[in-house]
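What follows is one structure encoded as structure tokens, with my remarks underneath.
The values are calculated or read from the model by the stated rules, or taken from the named source; none is laboratory data. These numbers come from a predicted model, not from an experiment. A quick note on method: Cβ atoms are made from the backbone with ideal geometry, for glycine too, and the neighbour counts reach across all protein chains shown. Remember, those area values only see protein heavy atoms, side chains included, never the ligands or the DNA or RNA. Shrake-Rupley method; radii C 1.70, N 1.55, O 1.52, S 1.80 Å.
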Amino acid sequence: MKYKKIVLAGGNGYLGKVLANYYSDKACEVVILSRHEKETDHNIRTVVWDGKTWGKWATELVNADILINLCGKNVNCRYTEQNKAEIFASRLLPTELLGQVIHELIEPPKLWINVTSATIYRHAEDRPQDEETGEIGEGFSVDVCKAWETAFNKYTTPKTRKITLRMAMVLGPRDGVFPRLLNLVKLGMGGRQGNGRQYMSWVHELDVARCTEWFADHSGLEGIFNCTAPDPVKNAELMHIIRRAYGCPFGLPSPEWLLEAGAPLIGTETELILKSRWVMPRRLLQSGFRFQNMMVDDAVMECLKG
């Protein structure tokens, strides 16, 4: 096996399952830190923690090859005061706790990747945002991202290399955004959302996993990286590509007023749909990483294959 141990904190969600499956044949064991018990599946085992207090789970971090932090309440909800508090706490508390434990361990993980969000950048329709020239935005979601990254850097970890991975919209066949967009297409409602001019940066789930391995294999890499394919597309174009790939000739659009009216009914916020996220992976490309799914047309076809 290439690795001895991979640890996924908060790894029982969609992306955690992708990463666990990816590393299951590359590591002797994959450990998921979760609030809920689960039976061991071959070399993937679950260790219970609460994400708030030091416990026996901390021994799992000793000399791990990679720790990937995926903790955080799903932001696909209404931004009530209670939900806002939970969104903050579910990210900041586990991240600070992991930092404290790593700071104290004699043999900490070799690499710690903190998966955050590319929504930290401003609404951008004029130019792409990268790690060096991107401009930080404003609003609740941006405040969450900034606080999250601050928590990640609260403790010094001289023996552990750290990567802040600003994640774009992840495309995969079984969960996440793509099945929901495909369902809209199947219902004949797969037209543009809002004016359709907002950019949608994306990355295929396989490339998410591949880039974490890339970081592990290249010890000179650290700091902030955007995890997004180098082919961002506008909303109208993405919906057209999905319709064409599925074989649906038309799709009714969803104007902004309709989205605003419907968001409270389905328990979400229009920002998740209407914010223009034009983000580029400058540092990943400079490091030599090559995306397996570089173009959105190919990624959509891969998702449809399942």
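Is there a pair in Lys162/Lys275; Lys17/Lys73; Lys146/Lys275; Lys17/Lys56 whose C-alpha atoms are over 21 Å apart, and which pairs would that be?
Exceeds cut-off: Lys162/Lys275; Lys17/Lys56.
Starting from the Cα-Cα distance between Arg210 and Lys159, subtract it from 0.36 nm times their residue separation and give me the gain in nm to one decimal.
Using 0.36 nm per residue and subtracting the Cα-Cα distance, I get 16.0 nm.
Find out how many positive minus negative residues lie around His240, taking Lys and Arg as positive, Asp and Glu as negative, among other residues whose Cβ is under 14 Å from that of His240.
Net local charge, His240 excluded: +3.
I need the peptides 195-201, 160-166, 32-38 ranked by packing, meaning the mean over residues of other C-beta atoms within 10 angstrom, with the highest value on top.
160-166, 195-201, 32-38
Separation of segment 140-214 and segment 225-256 by C-alpha centroid, Å?
A separation of 16 Å, based on Cα centres.
Carbon-plus-sulfur fraction of the accessible area of the chain, 1.4 Å probe, in percent?
53
Would you mind working out the magnitude of the charge dipole of the chain relative to its Cα centre, with +1 at each Lys and Arg C-beta and -1 at each Asp and Glu C-beta, to the nearest 20 Debye?
300
In nanometres, what is the gap between the two model label sites at Asn83 and Thr133, each 7 Å from Cα along Cα-to-Cβ?
The modelled label-to-label distance comes out at 3.6 nm.
Grab the Cα-Cα distance for Thr150 and His218, subtract it from 0.36 nm times how many residues apart they are, and report the gain in nm with one decimal.
So the extension gain works out to 22.0 nm.
Considering the dipole of the chain built from charges on the beta carbon (Lys and Arg +1, Asp and Glu -1) around the Cα centre, which of Val233, His36, Trp202 is farthest to its positive end?
His36
Going by alpha carbons, how many degrees (0 to 90, nearest 10) lie between the helix axis of 205-217 and the longest principal axis of the chain?
So the inclination is approximately 30 degrees.
For a Förster distance of 35 Å, can you work out the FRET efficiency between the beta-carbons of Lys186 and Glu39, rounded to the nearest 0.05?
0.55
Out of the chymotrypsin sites (Phe, Trp or Tyr not before Pro) in segment 41-90, which ones are loop residues according to DSSP with at most 14 other C-beta atoms within 10 Å?
Taking segment 41-90 and a limit of 14 other Cβ atoms within 10 Å, the loop chymotrypsin sites (Phe, Trp or Tyr not before Pro) found are Trp54.
Which of the trypsin sites (Lys or Arg not before Pro) found in segment 224-306 are loop residues per DSSP with 13 or fewer other Cβ atoms within 10 Å of their Cβ?
For trypsin sites (Lys or Arg not before Pro) across segment 224-306 that sit outside H, G, I, E and B with at most 13 neighbouring Cβ atoms in 10 Å, the list reads Arg290.
Please give me, ordered by residue number, the chymotrypsin sites (Phe, Trp or Tyr not before Pro) of segment 238-269 that lie in loop per DSSP and have at most 11 other Cβ atoms within 10 Å.
In loop regions of segment 238-269 (DSSP not H, G, I, E or B), the sparsely surrounded chymotrypsin sites (Phe, Trp or Tyr not before Pro) are Phe250.
List the lysines whose Cα sits under 18 Å from the Cα of Lys2, skipping any in the same chain fewer than 8 residues away.
Lys26, Lys110
What ranking, highest mean first, results for peptides 3-9, 221-227, 104-110 when packing means the other Cβ atoms within 10 Å averaged over each residue?
Result, highest mean first: 3-9, 221-227, 104-110.
Compute the relative contact order of the chain as a whole-number percentage, counting only Cα pairs closer than 8 Å that sit 6 or more residues apart in sequence.
Averaging sequence separation for qualifying contacts and normalising by length gives 18 percent for the chain.
In the set [x] 80, 27, 16; [y] 40, 21, 16; [z] 32, 21, 19, which value of semi-axes √(5λ) of the Cα gyration tensor in Å was calculated from the structure you see?
[z]
If I stretch the segment between Leu252 and Asp50 completely, what's the gain in nm (0.36 nm per residue apart, minus their alpha carbon distance), one decimal?
Contour length minus the Cα-Cα distance gives 68.3 nm.
Can you tell me which of Leu187, Leu19, Leu93 moves the most in a GNM of the chain? Springs connect C-alpha atoms under 10 Å apart.
Leu187
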